[in-house]
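*Asks:* What follows is a structure written as structure tokens; I'll ask about it next.
The values are calculated or read from the model by the stated rules, or taken from the named source; none is laboratory data. Not measured: the values here are computed from a predicted model. Glycine gets a Cβ as well: all are built from the backbone with ideal geometry, and neighbour counts include every protein chain shown.
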Amino acid sequence: MIPLADRATALLDLHTAPELLTLVNVWDVASAKAVAALPGTRAIATASHSVAASLGYPDGEQVPLDLAIETVGRIAAAVDLPVTADLEAGYGDPGETVRRAIGVGVVGGNVEDRVAPLREAVAAVEAVVRAGEAEGVPFVLNARTDAFLLAGDRDPAAVLADAIERGRAFLDAGAPVVFVPGRLDEPTVEALVEAFGPRKLTVIGVPGSPPLETLERLGVARVSYGPFSQRVALTALTDFATDVAAGRGAVPASTRSFD
């Protein structure tokens with residue numbers, strides 16, 4: 001088995017490489033193994049919304065922490081690739097939550113700020129960095145700011161300035177990359193990359209996002225898909241079930257085995 005520290009280093013290298021890192025998020029062992037088996041997959045990322053849905057909980061740290069850690073641990077144990085987990089806001093103790101995640105084989109993760117006061121958000125980043133150092137694992141923190149997600153009707157220029165201030169503070173506190181989710185247009189992505197530096201920004205792919213080749217050209221480190229990959233899978237399932245219920249269903253010839 002590859003040591004955790006080596007997996008973490010490999011995950012960081014994927015973020016800093018010239019090629020854009022694309023991560024199609026998973027939510028359980030079956031989805032993780034299916035994605036990991038694909039030739040283009042270089043790492044595995046979980047999505048908290050999808051994990052919560054698969055376990056029957058709403059998103060937002062409603063999954064009990066023990067169950068959340070067990071779930072990402074099962075995923076990490078099922079694949080031979082670095083795993084980065086969506087750890088929401090750290091369940092009230094980001095450092096301890098990351099320590100536990102490392103203990104089950106996770107080497108990177110999202111921790112969101114929920115637009116908490118900046119000093120508090122920076123302290124959370126620092127706690128995560130210390131936890132990785134204490135465990136001997138260079139944990140790849142994808143420090144998330146919700147500046148755009150929680151912007152409401154604020155002036156877009158002010159929102160961008162807030163995201164830049166927070167992202168720079170997180171980088172200064174030791175986070176290797178900053179996650180700015182939201183429907184970002186090309187000029188906004190370009191401004192964020194300019195502010196953080198190349199291969200320091202990660203984004204989410206949503207309907208209407210700039211194409212992957214554009215994100216790579218602009219210097220984005222990574223794009224992930226959050227709950228959208230599960231929605232794609234469930235759309236295929238419900239389309240099939242709809243056809244069956246209408247009496248015209250047949251298992252598609254392209255269906256593959258994932259045993």
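*Asks:* Spot the failing condition for LEU215; the list is (1) more than 18 Å from the chain's Cα centre (by Cα); (2) at pLDDT 95 or above, and only one is missed.
*Replies:* Exception for LEU215: condition (1).
*Asks:* Another question, then. Identify all residues within the stretch 52-80 that are closer than 23 Å to ALA10 by Cβ and either without any contact (Cβ under 8 Å) to a residue 60 or more places away in the chain or not in a loop (DSSP other than H, G, I, E, B) (or both); write none if there are none.
*Replies:* Result: ILE69, THR71, VAL72, GLY73, ARG74, ILE75, ALA76, ALA77, ALA78, VAL79.
*Asks:* Next up: Go through the stretch 222-256 and give me each residue that's without any contact (Cβ under 8 Å) to a residue 60 or more places away in the chain and of a type in the set (Lys, Arg).
*Replies:* If the condition is that a residue be without any contact (Cβ under 8 Å) to a residue 60 or more places away in the chain and of a type in the set (Lys, Arg), then ARG231, ARG248, ARG256 are the ones that fit.
*Asks:* Next up: Output yes when any residue across the stretch 38-49 is among the hydrophobic types (A, V, I, L, M, F, W, C), surrounded by fewer than 23 Cβ atoms within 10 Å (Cβ to Cβ) and without any contact (Cβ under 8 Å) to a residue 24 or more places away in the chain, and no when none is.
*Replies:* yes
*Asks:* In this structure, does SER209 turn out to be among the hydroxyl-bearing types (Ser, Thr, Tyr) and closer than 21 Å to ALA161 by Cα?
*Replies:* yes
*Asks:* So, in the stretch 109-125, of the ones that are without any contact (Cβ under 8 Å) to a residue 12 or more places away in the chain and assigned to a helix (DSSP H, G or I), which residue ends up surrounded by the fewest Cβ atoms within 10 Å (Cβ to Cβ)?
*Replies:* ARG119
*Asks:* Pick from VAL106, VAL98, VAL137, VAL128: which is outside any helix (DSSP H, G or I), hydrophobic (A, V, I, L, M, F, W, C) and touching a Leu at 6+ places or on another chain (Cβ under 8 Å)?
*Replies:* It is VAL137.
*Asks:* Scan the stretch 165-186 and give yes if some residue there is outside any helix (DSSP H, G or I), over 20 Å from ALA121 (Cβ atoms) and in contact with a Lys or Arg (Cβ under 6 Å, 6 or more places away or on another chain), otherwise no.
*Replies:* Checking the stretch 165-186: not a single residue is outside any helix (DSSP H, G or I), over 20 Å from ALA121 (Cβ atoms) and in contact with a Lys or Arg (Cβ under 6 Å, 6 or more places away or on another chain).
*Asks:* On to the next question. Please pick out the residue among THR22, THR16 that is surrounded by fewer than 16 Cβ atoms within 10 Å (Cβ to Cβ), within 26 Å of ALA175 (Cβ to Cβ) and modelled with pLDDT of 95 or more.
*Replies:* Criteria check complete, one pass: THR16.
*Asks:* Can you give me the number of residues within the stretch 221-259 that are surrounded by 13 or more Cβ atoms within 10 Å (Cβ to Cβ) and in contact with a helix residue (DSSP H, G or I) (Cβ under 8 Å, 6 or more places away or on another chain)?
*Replies:* 9
*Asks:* Among (1) surrounded by fewer than 20 Cβ atoms within 10 Å (Cβ to Cβ); (2) assigned to a loop (DSSP other than H, G, I, E, B); (3) under 18 Å from the mean Cα position of the chain (by Cα), where does THR9 come up short?
*Replies:* (2)
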